[in-house]
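The values are calculated or read from the model by the stated rules, or taken from the named source; none is laboratory data. Since the structure is predicted, the reported quantities are computational estimates derived from the model, not experimental observations. Here the Cβ positions follow ideal geometry from the backbone for every residue, glycine too, while neighbour counts run over all protein chains shown. Accessible surface areas use protein heavy atoms only, side chains included; no ligands, DNA or RNA. Shrake-Rupley method; radii C 1.70, N 1.55, O 1.52, S 1.80 Å.
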Amino acid sequence: MHDPTHPPAAEDLGTALTRPSEHPLLALCAKELSEYFDGHRTSFSIPLDAHGTEFQHRVWAKLTQIPFGESRSYGDLALDLGDVKLTRAVGTANGRNPISIVVPCHRVIGADGSLTGYAGGLERKLFLLRLEGILPPPQDTLF
């Protein structure tokens with residue numbers, strides 16, 4: 001995403017490539033993302049190595065277990081981690097996810113079904129939730 005709320009640190013991005021398409025891992029990632037956006041992929045096989053705290057890794061692992069087309073609340077994830085009091089910490093870790101879409105942080109919504117927070121912007125979260133059928137498409141109206 002071009003304007004994330006929490007951009008990754010430069011040292012976490014690795015070595016810049018002159019032609020990313022020639023790197024096999026980046027080529028695979030681009031292929032899988034293209035398939036996802038075309039509606040032909042519901043999960044990703046690319047290996048992940050995100051930088052984060054132990055707690056963030058626990059949260060991000062839980063995110064990868066949310067199936068395509070389903071959502072969970074921050075409280076649901078906190079309970080899965082063993083303590084409902086972790087809800088805010090889960091939200092913070094979710095917002096620091098450096099591998100959006102592949103690690104599907106967009107599938108986490110408020111307990112009341114509201115779209116709360118997304119480092120890539122709520123309009124992108126809404127788009128992704130509609131893409132996966134979690135939310136209905138927008139209604140055409142005259143007014």
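In summary, Ile46 fulfils each of the numbered conditions (1) in a loop (DSSP other than H, G, I, E, B); (2) in contact with a strand residue (DSSP E or B) (Cβ under 7 Å, 6 or more places away or on another chain); (3) modelled with pLDDT of 90 or more with the single exception of condition (2).
Every residue, every condition in (1) surrounded by fewer than 18 Cβ atoms within 10 Å (Cβ to Cβ); (2) within 13 Å of Asp76 (Cα to Cα), yes or no:
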position	(1), (2)
Gly91	no, yes
Asn97	no, no
Ile101	no, no
Val108	no, yes
Leu115	yes, no
Gly120	no, no
Arg124	yes, no
Phe127	yes, no
Arg130	yes, no
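Going by the conditions given, is Ala27 open to solvent by less than 60 Å² (accessible area, probe 1.4 Å) and modelled with pLDDT under 95? Spelling it out, Ala27 is indeed open to solvent by less than 60 Å² (accessible area, probe 1.4 Å) and modelled with pLDDT under 95. Checking each residue in region 75-98 for being under 14 Å from the mean Cα position of the chain (by Cα) and over 25 Å from Arg41 (Cα atoms) picks out Val90, Gly91, Thr92, Ala93.
Go through (1) among the basic types (Lys, Arg); (2) closer than 21 Å to Phe55 by Cα; (3) touching a strand residue (DSSP E or B) at 6+ places or on another chain (Cβ under 9 Å) and name the single condition Lys125 misses. Status for Lys125: all satisfied but (2).
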